[in-house]
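Trainee: Could you have a look at this structure, given as structure tokens, before my questions?
Bear in mind these aren't lab numbers, they're just calculated from the coordinates by the rules spelled out. Note that the structure is a prediction, hence the values are computed from the model and not measured. Don't worry about glycine lacking a Cβ; one is built from the backbone with ideal geometry, like all the others, and counts go over all protein chains shown.
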Amino acid sequence: MGALKRIYKRTIDGVDWILLASTIPPLIAGLITMRNFSAAAGPADNYFMKRQIIWIAASFLLFFLIRSLDWKFFKRGGLFLIFVYLFIIILLVLLLILENKTRGVKSWFHFYYFSFQPSDFAKIALILILAKYFSLRHIEIARVKHIIMSIIYAGLPAGLILFQPDFGSVAIIFLIWFGMILISGVNKRHLFLLIFLTIAFLILSWFFILAPYQKLRIKTFINPLLDPQGAGYNVLQSKIAVGSGGIFGKGIGFGSQSRLNFLPEPETDFIFAAFAEEWGFIGVLLVFIFFGIFLERIFRAGFAQSQSQNNFERLFAIGLAFLFFSQLAINIGMNIGLLPVTGITLPLMSYGGSHLISSFIALGIFSSFSRR
């Protein structure tokens, strides 16, 4: 009984139930949306919903398992973090060598019953390695060499992901790095220099890095009618779905854009549009409230650590908050036509095991830090 009590205490004690509860409504909203548009194929067809339930159950189990462990060795030594980081880099290299393209990109390892996307875990590994690096050098972070080193840490996975090509994940990696270096105490002059170099990099990317279809996405983002049957089709159909939802939505199961297959990828990239069409502005507002609570709890815990001797936990929390916020902003932005289509999933709501598992593993580590 004593052993069981200790296990129970390690698993449950100190859980931020508000944070955990805030994930439930978006998860349920995603499941309901998946059920409705997959049900259009027939009464027995709920493929996405059934598989998503399995991923959600596995994610919560991993959350409680991860948070029961003591991760303070992250602060004592960086060898394990270097191993994890290099392992992810090796996976990204193998992905480019071994896998064939799926929908024009090499983003997944394909197994018999599931697919695995290493870029989701690369973002978590980057947050950990940068949190470790900055926490050890928070006094001397103003030196340029440390900024350059952090760019190398972020640039290596970003470069490999760019070759897939997955420009959306590259953008998120940049935003994670940028958010964490802001919190780390970088010199303001260096910050402006970084902003200038970023703008220069974006300009050069247009001429030397971006593929023709990526340039076309940006052009159709500015003017979707430029190619309404091609690159602009996704944006137009998504905007139609969101706009037709109105205030109260068309009703659960009555989203014509998703159910009649006008809306592309409604279970992943455009699940926000599918949801907004059926639930309307009121439903979207409610989901936004829960996402806001979710992000606020992470930011609050991060800044609560600001006076501690070792700010590893603070940096990890801020990096995690930037990860979720950037995914939300990019996905919703492309669904309503404010950003180019990049193929980024909506946290908690979109179908997929990799992003759910990686998200709850990161939340488990975060919760473990908060508990201690």
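Trainee: Taking neighbour counts of Cβ atoms within 10 Å as a proxy for exposure, in what order, fewest first, do R137, R67 appear?
Mentor: Numbers: R137 17, R67 26.
In increasing order of surrounding Cβ atoms, one gets R137, R67.
Trainee: Say each of M149 and I24 gets a label point 7 Å from the Cα, pointing the same way as Cα to Cβ; how far apart are those two points in nm?
Mentor: 4.5
Trainee: Count the net charge of all other residues whose Cβ sits under 13 Å from the Cβ of I293, scoring Lys and Arg as +1 and Asp and Glu as -1.
Mentor: Summing Lys and Arg as +1 and Asp and Glu as -1 gives 0.
Trainee: Magnitude of the Cβ-charge dipole of the stretch 245-340, K/R +1 and D/E -1, about the Cα centre, nearest 20 debye?
Mentor: Details: 5 positive and 7 negative charges, 51 e Å.
Charge dipole of the stretch 245-340: 240 debye, to the nearest 20.
Trainee: Report the full-extension gain for the segment L136 to L94: residue separation times 0.36 nm, less the Cα-Cα distance, to one decimal in nm.
Mentor: Gain on extension, L136 to L94, equals 12.0 nm.
Trainee: Still on this model: When Lys and Arg each count +1 and Asp and Glu each count -1, what net charge do the other residues less than 12 Å away from S244, Cβ to Cβ, add up to? Working shown, then result.
Mentor: On the way: positive: K239, K250; negative: E277, E278.
Neighbourhood net charge equals 0.
Trainee: Across the stretch 104-191, how many lysine pairs, 8 or more apart or on two chains, come within less than 21 Å at their alpha-carbon atoms?
Mentor: Lysine pairs meeting both conditions in the stretch 104-191 amount to 4.
Trainee: A further question follows. Give the residues of the stretch 325-340 whose amide nitrogen is closer than 19 Å to a point set 7 Å from the Cα of W206 in the direction of its Cβ.
Mentor: Answer for the stretch 325-340: 338-340.
Trainee: Turning to a different aspect of this structure: For I195 and K239 in the same chain, what is the full-extension length gain: residue separation times 0.36 nm, less their Cα-Cα distance, in nm?
Mentor: Once the chain is fully extended between I195 and K239, it gains 12.7 nm.
Trainee: Next up: Run the simple label-point estimate for I53 and L286 please: 7 Å along Cα→C-beta, distance reported in nm.
Mentor: According to this spin-label approximation, the distance is 2.1 nm.
Trainee: While we're on this one: I want to check the label-to-label distance for V105 and F248. Put each point 7 Å from Cα in the C-beta direction and report it in nm to one decimal.
Mentor: In this crude label model, V105 to F248 measures out at 3.8 nm.
Trainee: Net charge around G353, counting only other residues with Cβ within less than 12 Å of its Cβ (Lys, Arg = +1; Asp, Glu = -1)?
Mentor: Summing Lys/Arg as +1 and Asp/Glu as -1 gives 0.
Trainee: Here's a follow-up. If you stretched the chain out fully between V15 and N187, how much longer would it get, using 0.36 nm times the residue separation minus the C-alpha to C-alpha distance?
Mentor: 58.3 nm
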